[in-house]
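As structure tokens, the structure follows; a few thoughts come after it.
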């Protein structure tokens, strides 16, 4: 046991909560070091002095002062008129500002959701202005062109590539000749 | 078991929670002096200590439904008083800093340490009490709390552990270290 370990155990020694083995070790160290036994005795006296410090009593007006404050607190307790008047008006449990904000967010969600609903057959979808104008530009052009016979076969460059039949026919004529 | 009271503290608070205000008065009478001594050793000012006790007992009235019968009533009330005492000390510290900064060098007063009772002697009487009180004020708050609760209020280690909300082993260690520091402080004050 060293000095630090000894000091750590002084309170436990004085309160009698050390094990027998530890107690013997403690006492052996104490008897070998005279200042250690002085330190233990000094601590014993400090504890005793703390226990016997003069006790204070509350002032004679303590109880009446407290009861006055209690009466004031009673008036302000929940359920009293004062408290109820202080509670701000709410809308579905929210203050007006929060209710307004939540309402605006809900409306925004509904509008966006409505925009995203796909077209149903036989049902006019209220599409966006851009989508509407695109349809109007494409459809009438093709129908009028068909009516006038202006619509030509697709260009060979743009048409899908097929095998050139006439080339084979020419070659076959040459072979027959 | 050997309690001189008909009702335990826990029974009284239960009655008070059901609306029996007489139970509140009984609790106040049981605890007002105990709490005053605790608060006084903490803040070192009798008037401020009484304010702390008033606030604690008022809180007992207004926050009675916060008490749950899982802890001892004494633990709960000492926790409230301890917190209020610490708040009072913090307030005073701020106030003191402001006052000192406003004072001139000549105006500052210093309390000279006592020179009579020596460490190792049996200290009793007013002067020794004052010296011990002075030494307690030199302890850090976490040491001051546990030493007051243990050696002045004579609470058990378990109760102190619940009040300061630290493990039992830590409480024991803090009390021992607080006593060692008190010993040193008293030696320095000699």
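Each reported figure results from applying straightforward, stated rules to the coordinates on display, with no laboratory input. All values derive from a computational prediction rather than experimental measurement. FYI the Cβ positions are ideal-geometry reconstructions off the backbone, even for glycines, and counts take in every protein chain you see.
Remarks
- Computed from label points 7 Å out along Cα-Cβ, the spacing between residue B:130 and residue B:92 is 1.7 nm.
- Förster radius 35 Å - calculated FRET efficiency between residue A:57 and residue A:8 (Cβ-Cβ, nearest 0.05): 0.40
- Residue ranges B:28-39, A:29-40 sort as B:28-39, A:29-40 when ordered by packing (mean number of other C-beta atoms within 10 Å per residue, highest first).
- Shielding value for A:14-23 is 1, the average number of Cβ atoms from other chains within 10 Å of each residue's Cβ.
- Inter-site label distance for residue A:27 and residue A:65 at 7 Å from Cα along Cβ, in nm: 5.2 nm
- Stokes-Einstein D for the stretch A:3-51, Kirkwood Rh over Cα pairs, 4 °C, 1.567 mPa s (µm²/s): 118 µm²/s
- Computed Rg/Rh of the stretch B:2-74, alpha carbon atoms with Kirkwood Rh: 0.99
- Look at the stretch B:18-31: the mean tally of other chain Cβ atoms within 10 Å of its residues' Cβ atoms is 1.
- Shielding by partners - mean other protein chain Cβ count within 10 Å, residues of A:58-70: 5
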